[in-house]
Every structure is written in structure tokens, then in C-alpha cells.
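Reading through the C-alpha cells given below for one structure.
The values are calculated or read from the model by the stated rules, or taken from the named source; none is laboratory data. The model shown is predicted, which means the values in this text are computed figures rather than measured ones. Here the Cβ positions follow ideal geometry from the backbone for every residue, glycine too, while neighbour counts run over all protein chains shown. Protein only, heavy atoms only, side chains kept; ligands, DNA and RNA dropped before computing areas. Shrake-Rupley method; radii C 1.70, N 1.55, O 1.52, S 1.80 Å.
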Amino acid sequence: MAALDRVKVLVLGDSGVGKSSLVHLLCQNQVLGNPSWTVGCSVDVRLHEYREGTPEEKTFYIELWDVGGSVGSASSVKSTRAVFYNGVNGIVLVHDLTNKKSSQNLYRWSLEALNRDLPPTGVLVTNGDYDRENFADNQIPLLVIGTKLDQIPEAKRSEVLTRTAFLAEDFNAEEINLDCTNTRYFAAGSSNAVKLSRFFDKVIEKRYFSRDGNVIPGFPDRKRFGSFKSLHYD
């Protein structure tokens with residue numbers, strides 16, 4: 001079987017924030033009826049048209065690695081998850097809009113993945129304080145997604161979204177807020193769909209193109225793929 005053109009995107013966040021539901025929605029365009037806890041890592045794949053509608057359009061596989069968010073001692077948990085962080089091309093940071101702690105923990109998740117070769121340092125955020133220099137040299141594209149938007153009362157929604165908006169700014173990333181039980185949030189042509197496509201394009205460009213815009217040797221020839229299948233690693 002010929003090698004497929006693909007990029008690897010981590011999906012990180014605390015347990016219970018809805019990572020598995022999000023990945024299922026992105027890859028299957030369906031609501032996950034009975035989500036369960038992810039043990040280890042689960043991988044699903046979606047097709048993405050890079051620069052769709054332009055002469056440079058190419059079809060890629062986007063591997064979405066849903067990493068289990070169980071907590072424990074810093075050293076044991078990080079060493080267990082480290083194998084999933086190899087060869088990452090992009091990171092989706094997922095938090096629960098109804099859970100402030102899950103939002104703050106995104107800093108810990110991102111630094112754990114980006115600094116996987118360094119000794120673990122435990123909790124990296126205290127009372128929301130954060131050192132931007134930790135991400136100053138980061139070359140891996142990031143996307144911040146807030147889930148469970150439907151569980152926030154309309155009267156409090158503006159307050160919550162204002163509080164979480166700083167996350168995207170800190171990570172120099174775009175932000176998407178949604179309800180994973182409603183497929184309309186990624187409807188074709190919607191702002192969320194555009195943001196997601198833009199993120200995947202950026203991931204592909206970082207992986208396959210040099211900074212001066214030249215193609216990196218080995219960049220895949222133009223080709224089309226048929227239907228994809230899900231891959232699962234437990």
C-alpha cells in the first residue's frame with residue numbers, strides 16, 4: 001500500500017472536557033452517542049483539502065491523536081504520555097467552558113507536549129499566572145477549542161467567553177467555542193469551519209514547506225484519496 005500524505009495533530013486537555021466527542025464530530029461528522037474515557041490514546045483520521053479551491057489544492061490525511069487526560073503524579077503521567085508526543089505537527093487544546101480549572105490547565109498540557117524532552121515540573125499555572133516566553137519560540141500551530149457551550153446560560157455566556165478569550169491570545173491561536181452534540185457548529189462555510197480549515201492548512205505548511213515558501217524535499221505529489229478509515233490505539 002502506498003504511503004499516505006498526512007500530518008499528526010494532538011488533541012489535549014483534561015479528562016471529561018469532551019475530546020473524544022470533538023474528534024468523532026470532526027472525523028465522522030456525527031455526534032458521539034455514548035462517549036467513554038480514553039485510556040492511553042485513540043487516533044481517528046479525517047480528509048482535508050489543503051488550500052481548497054486553488055491551483056495548489058491537495059488532499060491530506062489529518063491524524064487526530066486524542067490523548068487520555070487522566071491525572072496523577074507529574075513524572076509518571078508525563079513519561080506514560082511522552083510516546084504520543086513524538087512527531088507532532090499541530091496541537092488542539094480542548095477545555096470545558098463550564099470548568100475554569102480545565103481552561104487554566106491548558107498551559108500545563110501545551111508545555112508538557114512542547115517540552116517533552118525536559119524534566120516534568122508539575123503544575124505550571126498558579127492563579128492564572130503564565131510566562132509568555134514559554135511559547136515565544138514555538139513553531140507548532142495551536143488551536144484552542146472550548147466545549148459545552150450549550151451548558152452555559154445565555155445570561156452568563158458573554159462573561160464566560162470574555163474570561164476564556166485570553167487563552168487564544170496567549171497561545172497565538174484561533175479560538176472555537178461549540179457544543180459537540182450539535183453538528184451545525186462545523187457546517188460548511190461557517191466561521192468555525194473556516195477557522196478549522198485555516199488551522200489544518202497552517203499545520204500542513206509547517207510540516208511540508210520551508211519558511212521561504214519553497215517545497216521541502218519529499219513534499220507529496222498531487223493526488224486524491226478515497227474514503228478513510230478510523231484507527232484506534234488503546
Please list 3J(HN,Hα) in residue order for the range 99-107, calculated via the Karplus relation 6.51 cos²θ - 1.76 cosθ + 1.60 where θ = phi - 60°; whole Hz, with x for glycine and proline.
10, 4, 5, 5, 6, 5, 5, 4, 5
Square roots of 5 times each gyration tensor eigenvalue, C-alpha, the range 1-42, largest first, Å
22, 14, 10
Enumerate the amide H contacts of residue 69 below 5 Å, restricted to partners 5 or more residues apart or on another chain; note that Pro and chain-start residues carry no placed amide H.
15, 38
Counting only the heavy atoms of the protein chains, how much of residue 14 is accessible to a 1.4 Å probe, in Å² to the nearest 10?
20
Take each of the peptides 94-105, 154-165, average the number of other beta-carbon atoms within 10 Å over its residues, and list them starting from the highest.
94-105, 154-165
